[in-house]
1. Could you tell me whether A:Ala159 is small (Gly, Ala, Ser), buried (at least 18 other Cβ atoms within 10 Å of the Cβ) and closer than 21 Å to A:Ile262 by Cα?
2. Being in contact with a Phe, Trp or Tyr (Cβ under 9 Å, 6 or more places away or on another chain), more than 29 Å from B:Trp113 (Cβ to Cβ), more than 14 Å from chain B (Cβ to nearest Cβ) and surrounded by 15 or more Cβ atoms within 10 Å (Cβ to Cβ) narrows it down to one of A:Leu201, A:Leu187, so name that one.
3. With the condition being at pLDDT below 90 and more than 29 Å from A:Leu325 (Cα to Cα), I'd like the helices (runs of 4 or more DSSP H) fully within the range B:10-125 carrying at least 3 qualifying residues.
4. Is the range A:349-358 home to any residue that is aromatic (Phe, Trp, Tyr) and surrounded by 14 or more Cβ atoms within 10 Å (Cβ to Cβ)?
5. Limited to the range A:141-152, what total is found for residues that are facing another protein chain (nearest Cβ under 7 Å), outside any helix (DSSP H, G or I) and open to solvent by 30 Å² or more (accessible area, probe 1.4 Å)?
6. Looking only at the range B:233-287, which residues are more than 9 Å from chain A (Cβ to nearest Cβ) and not in a helix (DSSP H, G or I)?
7. Here's a check for you: in the range A:106-140, which residue that is outside any helix (DSSP H, G or I) and more than 14 Å from chain B (Cβ to nearest Cβ) is most open to solvent (accessible area, probe 1.4 Å)?
8. List every residue pair whose Cβ atoms sit under 7 Å apart, with the two residues 6 or more apart in sequence or on different chains, where the first one lies in the range B:98-116 and is open to solvent by 10 Å² or more (accessible area, probe 1.4 Å) and the second, anywhere, is of a type in the set (Asp, Glu).
Amino acid sequence: MSMFQALNKRYQLISLFILAILLVVVLPLLLDIFRLNLIGKYLSYAFVAVGLVMVWGYGGVLSLGQGVFFGLGGYAMAMFLKLEASDPITTKIQSTPGIPDFMDWNQITALPLMWHPFKSFSFSLFAVVAVPTLLAWIVSFAMFKRRVGGVYFAIITQAVALILTVLIIGQQGYTGGVNGMTDLKTLLGWDTRTNGAKYILYYVCVALLIGSILLCRWIQTSKAGTLLLAMRDKEDRVRFSGYDVADFRIFTFCLAAALSGIGGALFTLQVGFMSPSFVGIVPSVEMVIFAAVGGRMSLIGAVYGTLIVNAGKSFFSESFPDLWLFLMAGLFIGVTMAFPMGLAGLWESFVVTRWEKYRSKAKGSQSDKAALAGGLQ
Amino acid sequence: MNFSELLNIGLMQGFAGLSLFAVLLLMGLGLAIIFGQMGVINMAHGEFMTIGAYTIYLSSHLTELYAPGLKQIYFPFAVVLAFFFAFLLGWLVEWVLIRHLYKRALDTLLATWGISLAMQQCFRTFIGPKEVSPNLPDWLLDAWAPVPGLDIPRNGLFVLALTLFVTGAVLLALSKSRWGLRVRATVSNRMMANAIGIDTSKTDRLTFAIGCGIAGMAGAAFTTIGSTGPTSGQLYIVDSFLVVTFGGAASLLGTVVSAFGIAQTQSLAEFFLHGSMAKVLTLSLIVVILMMRPQGLFASKVRR
């Protein structure tokens, strides 16, 4: 692990800059708006992957239920958009005008109480972050305070994902059921389906993602980040030093949940619908592989991992649908057996190390070499 | 409605709970051995069950084609075959993959998820994407009616009997056989077990394979209840994990008790609520109890 600590700050900054250039300039120039919208969709998953780097890579706690938080954020946004799309004039053919269409199909005659706050845009934005964070806090507080971690935590988060999926599908009248919430059109009167709007939403997504990476990076370089790593590797020693291990873990887990919620909201805005197929166990585990492929210790790697896996998924499931699952299986097995540090790890060991070696040779400085050797142990 | 009708409804409802108990216990049993005794999370558990189910389907298919006369008796042999197929595959998976990952529990989880994806695609490619069900022998169809008005489904009885048999066999094997002794020694102190001449890596492989084999048998039993598709396994996986964790991972008896408790809660809830809400209620209850008592119902008293 110390390989990653050896990374100097400047190198981190350069790679973030390269990522930003790629997302802000290169991709919008290369791709048409349809493809760019797809990239924007993938980037909304990248929020989850970045959160997983914090929770799993740094915190050592694997959550198999990140789709829950992604979904909650997405649904909070979708509820607001759906209410806006169901004004009494557009829905006048319904038996109860002014409520979402799926409620009308399910013989519900008045807007349920739970839906009322989502008429307010500011409340909905608040809920996008607050609802996932609150659920994350409840789950993680109960678990981490009792010193439960590892596989047990993974199982519980998985169960939460199953519960939420069954609940959403079962309560059709309140949630839109298995189809989810569709036909989302405008945001505060602004049509989100036009090409211009898609460009703007893409840039909002990129800006928020880079902001999230900076925030996480700041946490990693702070004392809390060091403590997280220490807890992952020697939990008891950190505890004996007088730190409350649980508090740090709860904080990280809530942070990841909040990020996932933001990602979910951006997904809803860019794709125009939200459905339970982004909440359950399968998408949640898939989100783990995004982070794993990119490198579980690298925030920027997680973004690349998300982009590559999703682009691969789109390509293969269009052209060779039979091969995709095998490839995905290969990714899961390969990443755990052969490349536990993912793409970022490969990049480190093949490119950065050589470059550093070359540089220190050129300088002939002994101290650099010593530092590098120390870092690579 | 008179008293005997009420009694019949009560009995049938109770039996519905019992057969759910049998299903959950069969699901959890293989996992209890692998997860409880070895600490390995096998996310492909559901797919090993699907292997067993497909074995039954294929045997029924082949019997129909080549030996239609054996239709009444092929089933028990096919169940044994299901055990062996899953056993062999489990052996292979342990040898290729799991043994390298014992020290990294969370990575095992991801690797076995990969295996489950690959197996699903294999089922889809080689057997077909459609749900299939075998032609069951007559003695597994219909219901057994000891008194008029009381219908006990025979497939439920069969699953219950198989569950009791397998559970008994596993409990007996763990407490009496040489294998059980080795497993218990390895679980309680791996280094010491190694030092006194137990081949722990061989024990691990055998244990994993037996757990997979039992999963195969469970899948075989489930063909009497429902149909099998490539992704059927994923439906079982969370339930099986919860049964095992809720019971207390290291305790087989805990698995039995927790399967019973969960099954009765769910069938009782289904009596009053809509099906999906009953499921939500049961699962939430388990999760809340696990949050309060993470070690499960029966915690092992051994210090680790």
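The values are calculated or read from the model by the stated rules, or taken from the named source; none is laboratory data. Just so you know, these numbers come straight off a predicted model, no measurement behind them. No Cβ is skipped: glycine too gets one built from the backbone with ideal geometry, and neighbour counts run over all protein chains shown. Side chains included, ligands, DNA and RNA excluded: accessible areas come from the protein's heavy atoms. Shrake-Rupley method; radii C 1.70, N 1.55, O 1.52, S 1.80 Å.
1. Here the answer is no, as A:Ala159 does not meet what is asked.
2. Within the list A:Leu201, A:Leu187, the selection yields A:Leu187.
3. B:45-66, B:74-96
4. no
5. 1
6. Hits for the range B:233-287 are B:Gly248, B:Ala250, B:Ser251, B:Leu273.
7. Top of the filtered list is A:Gln107.
8. Going by the 7 Å Cβ cut-off, the qualifying pairs are B:Arg99/B:Asp204.
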